[in-house]
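As structure tokens, the structure follows; a few thoughts come after it.
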Amino acid sequence: FSHKGDYGHGLIIGGSKQMKGAMILSSKASMRAGLGKLSVSLPKEYIKELNMNFPEAIIHEPLGSITKYDAIAIGPGMGTDKNAEKKLRNVLTQRKSIPIVLDADALNIISNNMELLKFCKDSIITPHIGEFKRLCGDFNSDEEMLEKQLEFAIKYQLIVILKGAHTSIATQKRKVFFNTAGNSGMATAGSGDVLCGIILSLLAQGYDASDAACLSVFIHGKAGDVSLEKNSKESLIASDIINRLGEVFKLLC
């Protein structure tokens, strides 16, 4: 007796001339992870392409009010120009208590405008090592990296998913979790966009941010492992991870 409204309404903001595929990957992953309804906001010249590749998405351009969404993801393929920065500022200042995932170019914009972090409380950020260094500075060891990650999470009251061989998740409550799923075949373009979509989906469905972060990272890694049963590490691509999400949810149930 349920309907799509029972499983959350998520919004993904991003897309640019060079990175149109990022939005498609994030969008597909979010709905494959159980999201009931997805809206996307991207430059109007790329709307037709997204519609052709993923007709399930609802297109919004211009964006308008964000208060109706259960969760927001911003950054996949967005670029870092002035328009992207303005869009990020508008979303962060309007979001209030809406759960949000900050990914990719959203993090690159923040690294050049650190004052924006005051609007990021209780958000989830998903940097890879390069993005993390731009936010937190360089480090000389894994131990120092972990210390910086936890300090950053506590200082700005957010959740830091530091992507890598054993992805670590630091929370504002002084906890750190380590992922045991995944493989080196997932070191491929678009893999992070898939993770972003999964996190958005679980947030919009009502999961606590810490639980959404940990579970999404595990599901993402496990889908990569299931994909490897049918592929080689060399041939695995991000779409393979999305295509195996259903099998992973079956394993968890």
May I ask you to list, by number, the DSSP H helices of the chain whose Cα span along the axis is at least 27 Å and whose average Kyte-Doolittle hydropathy reaches -0.5 or more?
209-228
At 0.36 nm per residue, and after removing the present C-alpha to C-alpha distance, how many nm does the segment from L146 to A189 gain when stretched out fully?
13.0 nm
Please calculate how many Å² of accessible area the chain carries per residue, with a 1.4 Å probe and no DNA, RNA or ligand atoms counted.
47 Å²
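Taking R0 as 30 Å, what's the FRET efficiency between C253 and D225 from their Cβ-Cβ distance, rounded to 0.05?
0.95
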Carbon-plus-sulfur fraction of the accessible area of the chain, 1.4 Å probe, in percent?
50 percent
For V194, the accessible surface traced by a 1.4 Å probe with all protein chains present amounts, in square angstrom to the nearest 10, to 0 Å²
Highest mean first, what order results for 102-113, 24-35 on Cβ atoms within 10 Å?
24-35, 102-113
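For the stretch 1-148, what Kirkwood radius comes out of the mean inverse Cα-Cα distance, in Å?
Values: mean 1/r = 0.0624 Å⁻¹.
About 16.0 Å for the stretch 1-148.
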Descending semi-axes in whole angstrom, ellipsoid equivalent of the stretch 3-76, from the Cα gyration tensor
19, 14, 10
Mean projected area in nm² (Cα convex hull; one quarter of hull surface) for the chain
13.3 nm²
Solvent-accessible ranking of T188, T67, T171, largest area first, probe 1.4 Å:
T67, T188, T171
Suppose R0 equals 22 Å. What FRET efficiency, 1/(1 + (r/R0)^6) with r the Cβ-Cβ distance, do N90 and Q18 give to the nearest 0.05?
0.45
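Using r as the Cβ-Cβ distance of D208 and K4, and R0 as 22 Å, what FRET efficiency do you calculate, to the nearest 0.05?
Efficiency computed from Cβ-Cβ geometry: 0.50.
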State, to one decimal in nm, how far the label point of M52 lies from the label point of Q157, with both points 7 Å from Cα in the Cβ direction.
4.6 nm
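The values are calculated or read from the model by the stated rules, or taken from the named source; none is laboratory data. A quick note: this is a predicted structure, and the numbers were derived from the prediction, not measured. Every residue, glycine among them, receives a Cβ derived from its backbone with ideal geometry; neighbour counts consider all protein chains shown. The protein model used for the area step is the full one, side chains on, heavy atoms only, and it has no ligands, DNA or RNA in it. Shrake-Rupley method; radii C 1.70, N 1.55, O 1.52, S 1.80 Å.
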